[in-house]
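Input: a single structure, listed below in structure tokens.
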Amino acid sequence: MNHPVRIEFVGLLPETLRTCMAHYCVPGQIGRADIEAQLREYPSEIQALHQRAVALYERLLRDFGDRIRPQSVMLTSGRGLWLALRHRLRGDLSLVLNGQRVVPGDAPYETVRAAIEEELGRPISD
């Protein structure tokens, strides 16, 4: 049996993305409205990056469900710095699959989907 594909969303991402990935982007007391209010404090480039990451995250969840394990990694965190050095990442959104393979966050969805499907077909090496 194959393990879920670990997808690390790496970039200069607002902390609110981590909240969305923890399934708190729902209407209510700590919901999407609160997150949108926090995002207004960020520069427009970071807001656009956040929106792109959330849209991609939601589509991947619809298509792959529990076969993926997405997580947000801030580029300036210890893990983010290590991934940036190892894979020569920049501030733009990148997806690191199973710690090994990088797909640019602005790649066409078909490219992202194909890379994940390939990872699902190979054994986990870590």
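Here, each number is a calculation from the coordinates, and none is a lab measurement. Given the structure is predicted, the values throughout are model-derived calculations rather than measurements. No Cβ is skipped: glycine too gets one built from the backbone with ideal geometry, and neighbour counts run over all protein chains shown.
What number comes out for the charge environment of GLY65, summing +1 per Lys or Arg and -1 per Asp or Glu over other residues with Cβ under 14 Å away?
Values: positive: ARG59, ARG62, ARG67, ARG69, ARG113; negative: GLU58, ASP63, ASP66, GLU117.
Taking every other residue near GLY65 into account, the sum is +1.
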Using r as the Cβ-Cβ distance of SER44 and TRP82, and R0 as 41 Å, what FRET efficiency do you calculate, to the nearest 0.05? 0.90
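Among 54-60, 67-73, 39-45, what's the highest-first ranking by average C-beta atoms within 10 angstrom per residue? Walk me through the numbers on the way to the answer.
Details: 54-60: 16.9, 67-73: 18.4, 39-45: 10.7.
Packing order, densest peptide first, comes out as 67-73, 54-60, 39-45.
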Starting with the fewest neighbours, write out HIS50, HIS87 ranked by other beta-carbon atoms found within 10 Å of each beta-carbon. HIS87, HIS50
